[in-house]
Amino acid sequence: MERSFKKEVQALRLGDGDIFHGEGILAVTKALLQSGVSYVGGYQGAPVSHLLDVLVDAEDIMSELGVHLETCSNEASAAAMLGASINYPLRGAVTWKSIVGTNVAADALSNLASAGVAGGAMIILGEDYGEGASVIQERSYAYALKSSMWLLDPRPDLPSIVRTVEKGFELSEASRAPVMLELRIRACHATGQFAAKDNHKGAVSGLDKLAGPPRFDYERLAHPPVIFTQERLKVEERLPAARAFIREHKLNETIDGDVTDIGVIVMGGLTNSVLRALERIGLADVFGNSRVPLLLLNVVYPLVPEEITEFCADKRAVLVVEEGYPDYIEQAVNVELRRAGINTRVLGKGPLPKVGEYASDVLLEGLAAFLQDAKPKDIDADTLAENARGLVAHKVKAAAALGPLPPRPPAFCTGCPERPVFSAIKLMQRELGPTHISADIGCHSFATFAPFSLGNSILGYGMSLASAAAVAPNMEKRPIAVMGDGGFWHNGLITGVVSNLFNKGDGVLIVMQNGYASATGQQYIPSSAMSRAGTAPGMDIEQTLRAMGVRWLRKVRTYSVSVMVKTLKEAMKTAERGLKVIIADGECQLARQRRIRTEDAEKLKRGERVTRTRYGVDDEICTGDHSCIRLSGCPSLTVKPSPDPLRTDPVATVIESCVGCGLCGEVAHAAVLCPSFYRAEIVRNPTWRDRLKHHLRQKVIGWFGGYSGEAAA
Ligand code: SF4
Ligand code: SF4
């Protein structure tokens with residue numbers, strides 16, 4: 001995996017009287033162990049990929065407590081794991097990236113929420129909303145509302161996060177409903193400390209197993225006719241029970257202030273950002289004290305009507321700080337106040353924008369607009385607003401003074417095995433013309449950026465082939481669907497391949513077989529050469545596809561660009577109907593480099609021979625047309641001034657970061673570009689044979705009148 005937590009997870013053994021220092025993700029794991037979970041699972045995805053990595057690295061510690069860990073094949077299987085808490089007093093937690101993961105898990109979640117739970121069931125959502133996001137901008141709130149699951153959004157500091165996890169399990173059990181814990185990008189990587197507690201074994205666990213299933217109880221099934229009873233239970237029993245628990249245990253917090261005629265109601269996860277904005281205009285300090293009273297919603301659903309009315313009763317106006325749209329909380333606050341006959345004005349989307357991340361400057365301007373509108377008694381709102389706008393304007397001026405920064409679009413890593421496939425597609429299209437490309441989620445989606453700009457749609461993880469189903473019959477040329485091996489096992493196998501075969505589709509599928517779920521940090525997948533157990537999982541994409549009836553199947557090494565071009569042309573032109581699959585085989589270069597660097601360092605220590613391949617461009621031959629750069633897009637391939645004073649065009653050059661994948665040379669060859677590329681092998685700890693070979697080569701070069709290292713010396 002991308003990052004190892006082997007050292008950090010030792011902190012999970014801390015107990016009563018110890019202070020835990022570390023990252024938000026580790027704090028969540030510690031809180032799970034303190035809560036006595038019996039099982040954990042999940043599917044990787046930013047921003048909680050590292051949570052699953054931590055759980056895997058902590059497997060030994062968890063097995064001492066009898067906690068079962070499952071690295072699930074997708075979010076639906078993770079959600080279904082929570083079914084263990086329906087009948088049994090088992091606490092369990094699963095994790096994934098939201099909103100996309102929650103979409104995949106939705107069916108199991110609806111069923112779980114309808115049946116209700118006996119043991120605490122928690123879903124830890126990496127909420128990927130905002131400027132750093134990599135997915136569609138939607139929020140998980142809608143799922144909480146529609147399925148009656150409670151949504152926790154803790155203030156991003158470690159004690160709050162840990163308390164919310166622990167209380168979340170109690171809330172789930174008290175109301176018999178699953179809870180979702182939203183971890184925003186910043187909360188995942190927040191560092192801090194908290195007073196640790198002893199870890200607890202679950203009431204039932206791998207160490208204390210159940211003797212057998214409970215007495216048959218039809219009420220535990222999300223099935224007619226009990227779904228009608230369950231609907232009533234959700235609204236009439238579980239919801240009031242949840243509200244009573246939230247109020248009794250003070251899961252939401254208030255910060256008192258002396259400007260009492262206004263207030264701010266804020267989602268817990270945005271608390272730090274709001275306090276920072278208030279601090280910038282002099283209405284709060286760096287310790288979290290505020291002059292404006294705040295109601296912090298560590299539970300954003302359900303809201304507790306009494307808490308809302310008590311907070312608002314003596315205020316002329318409140319600002320609801322709720323990131324994203326629709327404005328669920330703002331609407332609910334309005335409803336509760338009208339029901340209670342309280343006339344406090346509610347502002348939210350208006351001073352604050354309807355869409356986009358509430359970053360510091362956005363909040364600063366929103367608060368300024370709110371203060372000017374609300375005109376609180378004890379502060380000069382106009383002056384504060386002017387100051388706030390001055391701060392934002394200053395930043396704009398500073399950015400203008402710096403000038404535009406060079407754009408840095410996301411791109412494949414140097415030497416990525418997936419890049420050559422897109423070079424090959426471009427070369428194929430030069431001859432056969434453009435065709436529809438169904439892109440997918442994964443590193444290969446970088447091909448949608450320049451210089452490739454390949455991809456007409458993205459419908460979800462593993463969905464590329466399925467999303468081409470209605471394109472193929474309506475297009476003269478066969479569409480190409482691109483899918484990673486992670487996406488293949490996550491969803492693509494059933495949603496794409498089975499559906500295509502079942503419907504006798506005719507298209508081309510490229511499966512990028514790089515061996516890992518690379519985009520999320522190189523987690524193992526069913527076809528990896530290794531698993532967390534240290535053995536190969538033993539599932540093979542080629543065998544699976546053949547067993548399912550795929551007849552036209554080719555496996556091509558990704559760096560062999562000319563073979564890939566030929567194979568693509570064949571797939572596009574063959575008269576044979578049916579699904580044509582090309583397995584593009586090449587290990588993730590990032591994972592490979594990490595592996596090789598460690599192995600090479602060990603070899604060098606032992607004085608053994610180590611070689612490294614590098615590519616280069618001969619300055620004298622390069623014509624400076626740069627087709628190689630346009631066709632490969634490798635960040636190690638760039639330009640430099642021509643050493644020839646008579647030529648003004650810069651020449652191509654290969655910089656130090658080159659990992660010697662050979663793509664640039666391959667592309668030059670496949671595209672019949674130019675012969676300027678050369679390959680060199682750097683040998684460390686050379687043997688006598690290497691020295692002899694070098695000596696002979698220098699001699700021969702010398703005879704032909706070329707450069708001789710010896711002669712020059
Ligand atoms: S992580 Fe691996 S697969 Fe992804 S871009 Fe980098 S080298 Fe390619
Ligand atoms: S060999 Fe060429 S394509 Fe591969 S990493 Fe080096 S410069 Fe980039």
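The values are calculated or read from the model by the stated rules, or taken from the named source; none is laboratory data. Everything numeric here is computed off the predicted structure, so don't read it as measured data. Note that we place each Cβ from the backbone using ideal geometry, even for glycine, and neighbour counts take in every protein chain shown.
Among the listed residues Glu248, Glu253, Glu170, Glu182, identify the single one that is at pLDDT 95 or above, closer than 30 Å to Phe287 by Cα, surrounded by 21 or more Cβ atoms within 10 Å (Cβ to Cβ) and charged (D, E, K, R).
Details: Glu248 fails: surrounded by 21 or more Cβ atoms within 10 Å (Cβ to Cβ); Glu253 fails: surrounded by 21 or more Cβ atoms within 10 Å (Cβ to Cβ); Glu170 fails: surrounded by 21 or more Cβ atoms within 10 Å (Cβ to Cβ).
Every option except Glu182 fails the conditions.
Hey, any hits in the range 67-74 for a residue that's surrounded by 23 or more Cβ atoms within 10 Å (Cβ to Cβ), at pLDDT 95 or above and either closer than 28 Å to Ala190 by Cα or in contact with a His (Cβ under 8 Å, 6 or more places away or on another chain) (or both)?
The initial filter retains those residues of the range 67-74 that are surrounded by 23 or more Cβ atoms within 10 Å (Cβ to Cβ), namely 67.
Going one step further and asking which of them are at pLDDT 95 or above, we end up with 67.
Those left that are additionally either closer than 28 Å to Ala190 by Cα or in contact with a His (Cβ under 8 Å, 6 or more places away or on another chain) (or both): 67.
Within the range 67-74, one or more residues are surrounded by 23 or more Cβ atoms within 10 Å (Cβ to Cβ), at pLDDT 95 or above and either closer than 28 Å to Ala190 by Cα or in contact with a His (Cβ under 8 Å, 6 or more places away or on another chain) (or both).
Is it the case that some residue within the range 76-86 is in contact with a His (Cβ under 8 Å, 6 or more places away or on another chain), closer than 25 Å to Val299 by Cβ and either surrounded by 23 or more Cβ atoms within 10 Å (Cβ to Cβ) or among the hydrophobic types (A, V, I, L, M, F, W, C) (or both)? Break it down into steps so the answer makes sense when it comes.
Pass one, the range 76-86, residues in contact with a His (Cβ under 8 Å, 6 or more places away or on another chain): none.
For the range 76-86, residues in contact with a His (Cβ under 8 Å, 6 or more places away or on another chain), closer than 25 Å to Val299 by Cβ and either surrounded by 23 or more Cβ atoms within 10 Å (Cβ to Cβ) or among the hydrophobic types (A, V, I, L, M, F, W, C) (or both): absent.
For the range 444-490, give me each residue that is buried (at least 24 other Cβ atoms within 10 Å of the Cβ) and within 18 Å of Pro526 (Cα to Cα).
If the condition is that a residue be buried (at least 24 other Cβ atoms within 10 Å of the Cβ) and within 18 Å of Pro526 (Cα to Cα), then Tyr461, Gly462, Met483, Gly484, Asp485, Gly486, Gly487, Phe488, His490 are the ones that fit.
So in the range 402-420, with the set limited to residues that are touching a residue at least 12 places away in the same chain (Cβ under 8 Å) and not in a loop (DSSP other than H, G, I, E, B), which one is nearest to ligand 1 (Cβ to nearest atom)? If you could, list the steps in order and put the result at the bottom.
Of the range 402-420, the ones touching a residue at least 12 places away in the same chain (Cβ under 8 Å) are 409-420.
So of that shortlist, the ones also not in a loop (DSSP other than H, G, I, E, B) come out as 419-420.
On the way: Arg419: 7, Pro420: 11 Å.
Residue satisfying both the conditions and the ranking: Arg419.
If you scan the range 46-61, which residues turn out to be outside any helix (DSSP H, G or I) and aliphatic (A, V, I, L, M)? Break it down stepwise before answering.
Taking the range 46-61 as the starting set, the residues that turn out to be outside any helix (DSSP H, G or I) are 46-48, 58.
Passing the criteria: Ala46, Val48, Ala58.
Could you list, in sequence order, all residues of the range 630-671 that are of a type in the set (Ser, Thr, Tyr), more than 7 Å from ligand 2 (Cβ to nearest atom) and part of a loop (DSSP other than H, G, I, E, B)? Reasoning before the result, please.
Restricting attention to the range 630-671, the residues satisfying the condition of being of a type in the set (Ser, Thr, Tyr) are 632, 636, 638, 642, 648, 653, 657.
Applying the additional criterion that residues be more than 7 Å from ligand 2 (Cβ to nearest atom) yields 638, 642, 648, 653, 657.
Listed by number, the residues that qualify are Ser642, Thr648, Ser657.
Closer than 30 Å to Val550 by Cβ, within 16 Å of ligand 1 (Cβ to nearest atom), modelled with pLDDT under 95 and in a helix (DSSP H, G or I): which single residue out of Ser423, Ser445 fits that description? Lay out the reasoning, then the answer.
Values: Ser445 fails: modelled with pLDDT under 95.
Of the residues listed, the single one that is closer than 30 Å to Val550 by Cβ, within 16 Å of ligand 1 (Cβ to nearest atom), modelled with pLDDT under 95 and in a helix (DSSP H, G or I) is Ser423.
Which residue out of Glu131, Glu173, Glu182 is part of a strand (DSSP E or B) and acidic (Asp, Glu)?
Numbers: Glu131 fails: part of a strand (DSSP E or B); Glu173 fails: part of a strand (DSSP E or B).
From the options Glu131, Glu173, Glu182, the qualifying one is Glu182.
Out of everything in the range 672-705 that is within 12 Å of ligand 2 (Cβ to nearest atom) and of a type in the set (A, V, I, L, M, F, W, C), what residue ends up being nearest to Cys628 (Cα to Cα)?
Out of the qualifying residues, it is Phe677.
Which residues, taken from the range 648-659, are away from ligand 1 (no atom under 16 Å from the Cβ) and loosely packed, with under 15 Cβ neighbours inside 10 Å? Spell out the reasoning first.
Quick first cut of the range 648-659, residues away from ligand 1 (no atom under 16 Å from the Cβ) only: 648-656.
Correct list: Thr648, Asp649, Pro650, Ile655, Glu656.
Every residue in the range 485-517 that is without any contact (Cβ under 8 Å) to a residue 60 or more places away in the chain and closer than 17 Å to Asp585 by Cβ, please. Even if it seems obvious, please write down each step before you answer.
First pass over the range 485-517, keeping only residues without any contact (Cβ under 8 Å) to a residue 60 or more places away in the chain: 485-488, 492-496, 498-499, 502-503.
The answer is Asp485, Gly486, Gly487, Phe488, Gly492.
Suppose the filter is surrounded by 16 or more Cβ atoms within 10 Å (Cβ to Cβ) and either part of a loop (DSSP other than H, G, I, E, B) or of a type in the set (Phe, Trp, Tyr) (or both); does Cys622 pass it? Even if it seems obvious, please write down each step before you answer.
Numbers: surrounded by 16 or more Cβ atoms within 10 Å (Cβ to Cβ): yes; either part of a loop (DSSP other than H, G, I, E, B) or of a type in the set (Phe, Trp, Tyr) (or both): yes.
Taking the combined requirement at face value, the residue satisfies it.
Here are Ala547, Ala519: which of them is farther than 30 Å from Ile682 by Cα and within 23 Å of the chain's Cα centre (by Cα)? Walk me through it before giving the result.
On the way: Ala547 fails: within 23 Å of the chain's Cα centre (by Cα).
The conditions single out Ala519.
With (1) within 16 Å of ligand 1 (Cβ to nearest atom); (2) under 23 Å from Val346 (Cβ atoms) as the list, and Ala368 as the residue in question, which single condition is left unmet?
The one condition Ala368 does not meet is (1).
Going through Arg595, Arg557 one at a time, which residue ends up being at negative phi, within 16 Å of ligand 1 (Cβ to nearest atom), surrounded by fewer than 16 Cβ atoms within 10 Å (Cβ to Cβ) and at pLDDT 95 or above?
Details: Arg595 fails: at pLDDT 95 or above.
None of the other options fit; the residue is Arg557.
Quick check: is even one residue across the range 26-45 touching a residue at least 12 places away in the same chain (Cβ under 8 Å), over 16 Å from Val165 (Cβ atoms), out of contact with any Pro (no Cβ under 8 Å at 6 or more places or on another chain) and part of a helix (DSSP H, G or I)?
No, the conditions are met nowhere in the range 26-45.
Give the residues of the range 580-599 that are out of contact with any strand residue (DSSP E or B) (no Cβ under 6 Å at 6 or more places or on another chain) and outside any helix (DSSP H, G or I), sorted by residue number. Write out each step before concluding.
So in the range 580-599, the residues out of contact with any strand residue (DSSP E or B) (no Cβ under 6 Å at 6 or more places or on another chain) come out as 586-599.
Correct list: Gly586, Glu587, Cys588.
Out of (1) within 16 Å of ligand 2 (Cβ to nearest atom); (2) more than 30 Å from the chain's Cα centre (by Cα), the odd one out for Phe412 is which?
(2)
Hey, can you tell me all the residues within the range 592-632 that are touching a helix residue (DSSP H, G or I) at 6+ places or on another chain (Cβ under 6 Å) and over 30 Å from Ser453 (Cβ atoms)? Talk me through it step by step, then tell me what you get.
Just the residues of the range 592-632 that are touching a helix residue (DSSP H, G or I) at 6+ places or on another chain (Cβ under 6 Å), to begin with: 610, 615, 628, 631-632.
Result: Val610, single match.
Which residues, taken from the range 205-240, are touching a residue at least 24 places away in the same chain (Cβ under 8 Å), assigned to a helix (DSSP H, G or I) and of a type in the set (A, V, I, L, M, F, W, C)?
The answer is Ile227, Leu233, Val235, Leu239.
Scan the range 600-616 and give yes if some residue there is within 16 Å of ligand 2 (Cβ to nearest atom) and either assigned to a helix (DSSP H, G or I) or closer than 21 Å to Lys426 by Cβ (or both), otherwise no.
So the first thing to find is which residues in the range 600-616 are within 16 Å of ligand 2 (Cβ to nearest atom), and the list is 611-616.
Next cut, either assigned to a helix (DSSP H, G or I) or closer than 21 Å to Lys426 by Cβ (or both) only: 615.
Yes: one or more hits.
Look at the range 426-439 and say how many of its residues are crowded, with 19+ Cβ neighbours inside 10 Å, away from ligand 2 (no atom under 16 Å from the Cβ) and not in a loop (DSSP other than H, G, I, E, B).
The initial filter retains those residues of the range 426-439 that are crowded, with 19+ Cβ neighbours inside 10 Å, namely 426-428, 435-439.
Pick out the ones that are also away from ligand 2 (no atom under 16 Å from the Cβ) and you get 428, 435-439.
In the following step, the residues that additionally are not in a loop (DSSP other than H, G, I, E, B) were identified as 428, 437-439.
Residues that pass the stated criteria total 4.
Where the second residue is within 16 Å of ligand 1 (Cβ to nearest atom) and in a helix (DSSP H, G or I) and the first is closer than 19 Å to Ser636 by Cα and lies in the range 591-616, which pairs have Cβ atoms under 8 Å and are six or more apart or on separate chains?
These pairs meet every condition: Ala591/Ser518; Tyr615/Cys664.
When Ser85 is evaluated against the numbered criteria (1) over 21 Å from Met62 (Cβ atoms); (2) of a type in the set (S, T, N, Q); (3) assigned to a helix (DSSP H, G or I), which criterion, by number, is the only one it fails?
If we test Ser85 against (1) over 21 Å from Met62 (Cβ atoms); (2) of a type in the set (S, T, N, Q); (3) assigned to a helix (DSSP H, G or I), just (1) comes out false.
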